[in-house]
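The values are calculated or read from the model by the stated rules, or taken from the named source; none is laboratory data. As the structure is a computational prediction, the values presented were derived from the model and not from experiment. Glycine gets a Cβ as well: all are built from the backbone with ideal geometry, and neighbour counts include every protein chain shown.
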């Protein structure tokens, strides 16, 4: 079985560390929110309305804009929990995929438009051009990335546009925790505005 956790603590320490606020995602009801933040859209506040989210949207400028705030919208608590260590920072233990057994293939992380997992037409995923995706990811199981890490642009399943969560070391031989981080960069002078809801998928085969 696969469980997904996000680190909502400021401490960059592994899943299961005493005193570190790792939260398991409810894959049916929880979601991730990426925002410029505001007095309403911030850690500890109720999950915002669409209007409140729009008021805290990332503004397009004549320079690339790094999205500064990642949140877990915790449906069970109706609460925003900031994922403090997400983004282009030297942090290792941010997102965790916990596998309770070996796998038959290496797990991969992909981003798609919706649950059909067959298109990447969202503007934020490159509008059909994966190399233009705003999303970048990096596998951090083996170590801490550098500040302003580059990672891989994420969109769909073409080569170079998804993450090998075991660093291309193959299937998992035993129960394993795999870690990764994400960043989002809005390109300078981007010509479109939209409210989009891409889907993250972790794919693998079982024994």
- Message: I'd like to know if the range 59-75 contains one or more residues that are over 27 Å from residue 123 (Cα atoms) and touching a residue at least 24 places away in the same chain (Cβ under 8 Å).
- Response: no
- Message: Scan the range 140-150 and tell me whether some residue there is in contact with a strand residue (DSSP E or B) (Cβ under 9 Å, 6 or more places away or on another chain), within 20 Å of residue 67 (Cβ to Cβ) and not in a loop (DSSP other than H, G, I, E, B).
- Response: no
- Query: Which one of these is modelled with pLDDT of 95 or more, more than 21 Å from residue 63 (Cβ to Cβ) and part of a loop (DSSP other than H, G, I, E, B): 168, 196?
  - Reply: 168
